[in-house]
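The values are calculated or read from the model by the stated rules, or taken from the named source; none is laboratory data. Keep in mind that what you see is a predicted model, and the values were worked out from it rather than measured. For neighbour counting, all protein chains shown are included, and Cβ atoms are generated from backbone atoms with ideal geometry for every residue, glycine included.
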Amino acid sequence: EWAGASFGMFKSVDGPGALIRWSDVQHNESLRKKVKWTRMKAHGRTIEKLMRSYNDSPSRVVDIARQCVIFDNMTDLKKCLETIIFDENVAIKRVKNRYSTKYDAEATGGYRDVSINLRLVSQQAQALGAELHIVEVQLLLREYVHMKTEAGHER
């Protein structure tokens, strides 16, 4: 719903740089299969992050499950952020705005996004026992997609 309300797009299996708008696929099962969903963070990377950055505190690892939504402009990105903030099925834990003028983009090689850590608190999430798990949603302008690689932080 968030991407549909804000002209959000996802990477497509059609190849590097290919994007597919959620409003075009949300009611079309065959097109929906073209969405390239983000894989969960690898175990090795999770353990590395846990030991190196989080002082062996597993409760601080909040981006094992994540997804990136891509936008053509800041207006659509802000619309998606507002939609998430006002979603009663969500409990927001943290918002990191890398588009802020106060953010030092040199620290991330020029990469920018809005990263939202949240919990799904709907009845369905509670029934599945998933309401305590924190996930990450990344809101990204199209112009930064080329900076985000499948390898991510891999060395």
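Residue count for segment 1-26, restricted to those that are buried (at least 17 other Cβ atoms within 10 Å of the Cβ), polar (S, T, N, Q) and part of a helix (DSSP H, G or I): 1. Which of the residues that make up segment 27-67 are polar (S, T, N, Q) and either in a helix (DSSP H, G or I) or at pLDDT below 70 (or both)? Within segment 27-67, Ser30, Thr46, Ser57, Ser59 meet the criteria. Ile116 meets all of the listed conditions (1) surrounded by fewer than 17 Cβ atoms within 10 Å (Cβ to Cβ); (2) among the β-branched types (Val, Ile, Thr); (3) at pLDDT 95 or above but one, namely (1).
Screening Leu132 on (1) touching a Phe, Trp or Tyr at 6+ places or on another chain (Cβ under 9 Å); (2) surrounded by fewer than 14 Cβ atoms within 10 Å (Cβ to Cβ); (3) under 22 Å from Thr38 (Cα atoms) shows it passes everything except condition (1). Does segment 81-98 include one or more residues that are over 19 Å from Trp2 (Cβ atoms), out of contact with any Asp or Glu (no Cβ under 7 Å at 6 or more places or on another chain) and surrounded by fewer than 17 Cβ atoms within 10 Å (Cβ to Cβ)? Scanning segment 81-98, I find no residue that is over 19 Å from Trp2 (Cβ atoms), out of contact with any Asp or Glu (no Cβ under 7 Å at 6 or more places or on another chain) and surrounded by fewer than 17 Cβ atoms within 10 Å (Cβ to Cβ), so the answer is no. When restricted to residues that are in contact (Cβ under 8 Å) with a residue 24 or more places away in the chain, aliphatic (A, V, I, L, M) and outside any loop (DSSP other than H, G, I, E, B), segment 100-141 contains 11.
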